[in-house]
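Peer 1: My questions will all concern the structure given below.
The values are calculated or read from the model by the stated rules, or taken from the named source; none is laboratory data. Keep in mind it's a predicted model, so treat the numbers as computed, not measured. Reconstructed Cβ throughout: ideal geometry from the backbone, glycine too, with neighbour counts over all protein chains shown. Surface accessibility is based on the protein's heavy atoms, side chains included, excluding ligands, DNA and RNA. Shrake-Rupley method; radii C 1.70, N 1.55, O 1.52, S 1.80 Å.
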Amino acid sequence: MASVRFTVTPTKAEDLPGLSDTSPDISSRSGARVRFGSRESVNRSDPLSEAYGGQGGAETPDHSHLDQGVGNSKISSVYINNTHGVDDDDFYDRNLALFEEEMDTRPKVSSLLNRLANYTNLTQGAKEHEEAEGIGEKKKASKSPQMGTFMGVYLPCLQNIFGVILFLRLTWVVGSAGVLQCLCIVFVCCCCTLLTAISMSAIATNGVVPAGGAYFMISRSLGPEFGGAVGLCFYLGTTFAGAMYILGAIEILLMYLAPKAAIFKAEHTEGEGAAMLNNMRVYGSICLLLMSLLVFVGVKYVNKLASVFLACVIVSIVSIYVGALVSAFKPPQFPVCMLGNRTISGHDILDHHCGKTVLQQIKDQGKMGDYNTTSNDTSTLGPTFDPSLAPPLMEKTTHLWKQFCQGTEINSTCDEYFLSNNFSQIEGIPGLASGVISDNLWSTYLSKGAVVEKASLSSSHVPPPASIQQPYVFADITTSFTMLVGIFFPSVTGIMAGSNRSGDLKDAQRSIPIGTIMAILTTSLVYLSSVVLFGACIDGVVLRDKFGDSVNGNLVVGTLAWPTPWVIVIGSFFSTCGAGLQSLTGAPRLLQAIAKDNIIPFLRVFGHGKANGEPTWALLLTALIAELGILIASLDLVAPILTMFFLMCYLFDAQLEASLLLLPLYIEYHGAEKEWGDGIRGLSLSAARYALLRLEEGPPHTKNWRPQVLVLLKLDEDAHVKSPRLLTFASQLKAGKGLTIVGTVVSGNFLQNYGEALAAEQTLKHLMDKERVKGFCQCIVAQKPREGISHMIQSSGLGGMKPNTVVMGWPHAWRQSEDPQAWKTFINTVRVTTAAHLALLVPKNISLFPNNSEPCSEGYIDVWWIVHDGGMLMLLPFLLRQHKVWRKCGMRIFTVAQMEDNSIQMKKDLATFLYHLRIEAEVEVVEMHDSDISAYTYERTLMMEQRSQMLRQMRLSKSDREREGHPGSSSSSSRTEAGGAAKSQAVKDRNSMLRLTSIGSDDDDDTDGGERERASNAGGGNGNGGEGGRGGGRGSNEHHRRVQMTWTKEKSSQYRAAHSGCSTPEGFRDMLSMRPDHSNVRRMHTAVKLNEVIVNKSHDARLVLLNMPGPPRNTDGDENYMEFLEVLTEGLERVLLVRGGGGEVITIYS
């Protein structure tokens, strides 16, 4: 046998170029004991001759005789019904012969690894993938996704997060809330999305993320009820986001790019707001129609434009930072006109004079009557002129005078506040070094219709209320902290953009968490720094001026940009258009995914689309809902709607409500043991009933599978548990979670042994309390232990809360006479669990397993994954390592490669599979080359079969032995003579071979007390061979036919000769001339080779997990099966034999 680590030559030399020169010289090793690459039949001559003396001239066994004898035996083999010839070793893998009977349901790992590790991104995320896992149908070859973290997640998230709020509303939020409170708003909103991203990352890293994005992760994690509700909120939020982006683009168009393009124009100041809303509705509807048509024509055009839109966003943000730095040295010139401390709109300064009057030179002296020649100049512009040194100057009223007075004359009736305060000019952008941040630290919330004022400027003490017809800058909406949170929150959404592209990502499990969190950190840093920069560079009245009226209608954030405000205006327009297109692209696909899941029946029609899968009907509904948002026509009113949908999607409110549950849980945890008959207990019963009925609907999903354990314990004569460490091991595996049922079987009649059953139940409860195991105990009274165990496995649990895993101990004394029926009960339990599709765990040497107070400080848990059993071998060590006893143990996974397997590729596939499962383990592929079967294997097999043959020949039922000792009625002399001889011979045989007879006997288990009593009362005439007496076929027929016979000396001798052939020299001679069955030799060869490899690699492991071969279909080979398991696990300190339940228990899909 050979065991090489990652040095095997590939199946084809061209698979790995350059390694052909290093391939092992097969021809040079042809004489070795291990022959690499051999697929020939077993050479029986050398090992057999070696076994019988090892002399070269020894008689070689006759191959023809061997082929006939063993071949006939193989046809009725104890393991398989094989119709192939003896030498047909190509049909079965000689190195895995122990597992060949179940290869159809438990395939070799090497044949399954590639399909487990490599997945295809389907449009659906659960059912289709699992069908692909279970059926393994071949998919059409498609181009593998190649997008990485930066291009696939990071940049799309930046594009979706940065948008309309940053360019249109962030300066206004800073001016209203102040720098400190605005930092708090940004921090709270960013923390909310960061926590959501962390939760999303936990789902994404829990396995492979299929195509479908955030909805699939939510619905497959929370279930269809919560998933459907949250999915609809996410859909509506995305749809209204599209409407918000379109409104932002139209606002930029009509207010900053092309103000003259307005269709509706107000004749009076009062109607300007209504006219603006109507313009937004008209242009917004037109823009929505054009964008919908573009999405309908093809998403590929949207994707091509995405990079252009992203470049606009990045250039705009960079220009803001550059402009802020430049302002420290050369602030941009944006003067703001103030009347007292009130801000004047720049749109009303038509003559560009911020003052009441202006001095002008009079060139035509004849027109002096139109001017006032007073020397009192109230204008703040220009120096004081000396009339004797300059031409005559006349004072003329400005355009602002007309806004506050009833005429243009100096003596006209004017507004009181206008008369008591003077005009002044301040710098709208003082610059980074101006210290204006001290004035912008604190909040200045305004009511609707209030004038934007600068508190540091002087004004009259009791200013009269301003009229809306006057040229002030007014607040169009009442501001507050919560309202500003609602408006700003949509600017941090868009974090799902990366997960929506999961189908295009090369490694979605890695890219989604890293890219999304990095994008959130980047945008959070930009937002926080922008708040500080805006507060440090821009004056407060300009910040509170939402539409930039005080700076002549410029975009406020654009006044800070370098080199020109047009960079921000154009960049923000294209970025909002791009974000709107992305929303109109993603929302219909999300609705289509919800409709295809069929969780909301009336949405089923929206699951259909064009032939290429484009969601036509979903796009139509999305456009109609987005039109509702556009008809609202106000960005400030749509943004809070968006906030509600996204907050519900992010479960922010649910987290707050969950905190209210802490107090009742605290009271319950600390022992509210009062039983008042309160309604909560009734509600608990109703909730338990409801949950059980829900679980009854179907088997659990693969992602929800956890071992629900039934622990089978055995009690001794004093009602003490024989192996309490079994329950300790179960507690370490469960860690207090899930269902645990501890069961035992009491032999006897229920009516007579009810008290013993109660005592056994109390013993189990006491042991469960000692081991701190939360669960239930069950005690069954049965005549036969194996029947009691079968009944327990069938009836344990209630509804959907049934055990799916059985834990039982290894029958250590199966070769001894102390417990002759333990191994038969063991094999029967294995068969019952297999028939019930339950997983089976068999700890061997359970007394050496650590208890809960003996944590393993170091070492490894070794997993030998030979055949695929649904993933039990992957799940169990992961669960064990959650307990403190095994937490510090590492994990090593070994799998077996044959000659035809590419072990290098197997290692890569296994590492990929474990990476998708988030299991950290060392991976090793052990190569088992085909080799000749050794002499030791033949000798071991021969000894096993000779022992089994002896047991069959000596397997006399108790009724037969009693018949020999108590003959039936006949003549008195014959009866006495025959009875004495039979009794003498029976005592002699019983004393010489008592041990082997007790092992082979079935009577203690297969024949209950009632049958034995009836047989005894019936006298010696009933020949009872027992249910398990497979060797005494004639005795069994006599028992069933109830044939009455009179015993004589001759008949007694003939009967003993037929049933105890090994007691004669001829019988022993036949046993010595036996040749081992070929199928048994192959299985023993598998056990020996695997044991050598396992002991060599895992001799120092803390625990070894190993696939447990299935029991033989033909029960005549039960003794051989136990021997194979013994050979397989020899030399290992702690072994856990594992059999899967027939279904998948782990999945790489999240």
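Peer 1: Within region 220-249, work out how many residues are open to solvent by 10 Å² or more (accessible area, probe 1.4 Å) and in contact with a Gly (Cβ under 7 Å, 6 or more places away or on another chain).
Peer 2: Result for region 220-249: 4.
Peer 1: Residues 451, 436: which one is out of contact with any Gly (no Cβ under 9 Å at 6 or more places or on another chain), buried (at least 17 other Cβ atoms within 10 Å of the Cβ) and among the β-branched types (Val, Ile, Thr)?
Peer 2: So the residue among 451, 436 that is out of contact with any Gly (no Cβ under 9 Å at 6 or more places or on another chain), buried (at least 17 other Cβ atoms within 10 Å of the Cβ) and among the β-branched types (Val, Ile, Thr) is 451.
Peer 1: A further question on this structure: Identify, from the list 410, 429, 487, the residue that is under 18 Å from residue 549 (Cβ atoms) and not hydroxyl-bearing (Ser, Thr, Tyr).
Peer 2: Values: 410 fails: under 18 Å from residue 549 (Cβ atoms); 487 fails: under 18 Å from residue 549 (Cβ atoms).
Answer to the check: 429.
Peer 1: Please go through region 395-431 and pick out each residue that is over 21 Å from residue 335 (Cα atoms) and either within 60 Å of the chain's Cα centre (by Cα) or part of a loop (DSSP other than H, G, I, E, B) (or both).
Peer 2: Selection gives 406, 407, 408, 409, 410, 411, 412, 413, 415.
Peer 1: Okay, next question. I need the full set of residues from region 696-733 which are of a type in the set (S, T, N, Q) and open to solvent by less than 30 Å² (accessible area, probe 1.4 Å), in order please.
Peer 2: Within region 696-733, 702, 728, 731, 732 meet the criteria.
Peer 1: With over 25 Å from residue 437 (Cα atoms), within 33 Å of the chain's Cα centre (by Cα) and not in a helix (DSSP H, G or I) as the only criterion, which of 495, 512, 520 stands out?
Peer 2: 495
Peer 1: Going through region 834-861 one residue at a time, which ones are under 22 Å from residue 709 (Cα atoms) and in contact with a strand residue (DSSP E or B) (Cβ under 8 Å, 6 or more places away or on another chain)?
Peer 2: Result: 834, 838, 839, 840, 841, 842, 843, 844, 845, 849, 861.
Peer 1: Looking only at region 195-207, decide whether some residue is in contact with a strand residue (DSSP E or B) (Cβ under 7 Å, 6 or more places away or on another chain), over 21 Å from residue 553 (Cα atoms) and at pLDDT below 80.
Peer 2: Yes.
Peer 1: Still on this structure, I have one more. Show the residue pairs meeting these rules: Cβ distance below 6 Å; 6+ apart or different chains; first residue within region 165-185 and at positive phi; second residue surrounded by fewer than 24 Cβ atoms within 10 Å (Cβ to Cβ).
Peer 2: Close Cβ pairs (under 6 Å, with a partner that is surrounded by fewer than 24 Cβ atoms within 10 Å (Cβ to Cβ)) amount to 178/441; 178/442; 178/443.
This table checks each residue for (1) under 25 Å from residue 561 (Cα atoms); (2) at pLDDT 90 or above.
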position: 463; (1), (2): no, no
position: 466; (1), (2): no, no
position: 481; (1), (2): no, yes
position: 490; (1), (2): yes, yes
position: 504; (1), (2): no, no
position: 510; (1), (2): no, no
position: 529; (1), (2): yes, yes
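Peer 1: From the list 556, 551, 542, 526, exactly one residue is of a type outside the set (Asp, Glu), touching a residue at least 40 places away in the same chain (Cβ under 8 Å) and in contact with an Asp or Glu (Cβ under 7 Å, 6 or more places away or on another chain). Which is it?
Peer 2: Residue meeting the stated conditions: 556.
Peer 1: In region 1109-1130, how many are farther than 22 Å from residue 108 by Cα, surrounded by fewer than 20 Cβ atoms within 10 Å (Cβ to Cβ) and either at pLDDT below 85 or touching a Leu at 6+ places or on another chain (Cβ under 8 Å) (or both)?
Peer 2: 3
Peer 1: Continuing with this model, one more query. In this structure, is residue 829 in contact with a Gly (Cβ under 8 Å, 6 or more places away or on another chain), in contact (Cβ under 8 Å) with a residue 12 or more places away in the chain, of a type in the set (S, T, N, Q) and part of a helix (DSSP H, G or I)?
Peer 2: no
Peer 1: List, please: which pairs have Cβ atoms under 7 Å, are six or more places apart or on different chains, and start with a residue in region 901-930 that is among the aromatic types (Phe, Trp, Tyr) and end with one that is open to solvent by less than 40 Å² (accessible area, probe 1.4 Å)?
Peer 2: Every condition considered, the pairs that remain are 913/113; 913/116; 913/117; 913/1148.
Peer 1: Right, next: Identify, by number, the condition in (1) under 25 Å from residue 506 (Cα atoms); (2) touching a strand residue (DSSP E or B) at 6+ places or on another chain (Cβ under 6 Å) that residue 908 doesn't meet.
Peer 2: With respect to (1) under 25 Å from residue 506 (Cα atoms); (2) touching a strand residue (DSSP E or B) at 6+ places or on another chain (Cβ under 6 Å), residue 908 is out only on (2).
Peer 1: Which members of region 617-626 meet the condition of being out of contact with any helix residue (DSSP H, G or I) (no Cβ under 6 Å at 6 or more places or on another chain) and farther than 18 Å from residue 593 by Cα?
Peer 2: Within region 617-626, just 624 meets the criteria.
Peer 1: Can I ask one more? Only one of (1) touching a Pro at 6+ places or on another chain (Cβ under 6 Å); (2) surrounded by fewer than 21 Cβ atoms within 10 Å (Cβ to Cβ) is not met by residue 805, so which one is it?
Peer 2: Failing condition for residue 805: (2).
Peer 1: Return yes when residue 610 is surrounded by fewer than 24 Cβ atoms within 10 Å (Cβ to Cβ), more than 21 Å from residue 306 (Cβ to Cβ) and within 36 Å of the chain's Cα centre (by Cα) and no when it is not. Even if it seems obvious, please write down each step before you answer.
Peer 2: Details: surrounded by fewer than 24 Cβ atoms within 10 Å (Cβ to Cβ): yes; more than 21 Å from residue 306 (Cβ to Cβ): yes; within 36 Å of the chain's Cα centre (by Cα): yes.
Judged against the criteria, residue 610 is a match.
Peer 1: Tally up the residues in region 595-624 that are closer than 23 Å to residue 303 by Cβ and β-branched (Val, Ile, Thr), please.
Peer 2: So the answer is 2.
Peer 1: Please list, ordered by first then second residue, the pairs with beta carbon atoms under 8 Å, 6 or more apart or interchain, first in region 301-321 and at pLDDT 80 or above, second outside any helix (DSSP H, G or I) and aromatic (Phe, Trp, Tyr).
Peer 2: Listed pairs, sorted by first residue: 313/162; 317/162; 319/562.
Peer 1: I'm checking my understanding of the structure. Among residues of region 902-930 that are among the β-branched types (Val, Ile, Thr) and open to solvent by less than 10 Å² (accessible area, probe 1.4 Å), which one is farthest from the chain's Cα centre (by Cα)?
Peer 2: Step one: of region 902-930, the residues among the β-branched types (Val, Ile, Thr) are 904, 912, 919, 923, 925-926.
Remaining after also requiring open to solvent by less than 10 Å² (accessible area, probe 1.4 Å): 925-926.
Working: 925: 27, 926: 30 Å.
Going through the qualifying residues, I end up with 926.
Peer 1: Give the residue, chosen from 173, 179, that is open to solvent by less than 10 Å² (accessible area, probe 1.4 Å), part of a helix (DSSP H, G or I), under 23 Å from residue 574 (Cα atoms) and at pLDDT 85 or above.
Peer 2: Numbers: 179 fails: under 23 Å from residue 574 (Cα atoms).
Residue meeting the stated conditions: 173.
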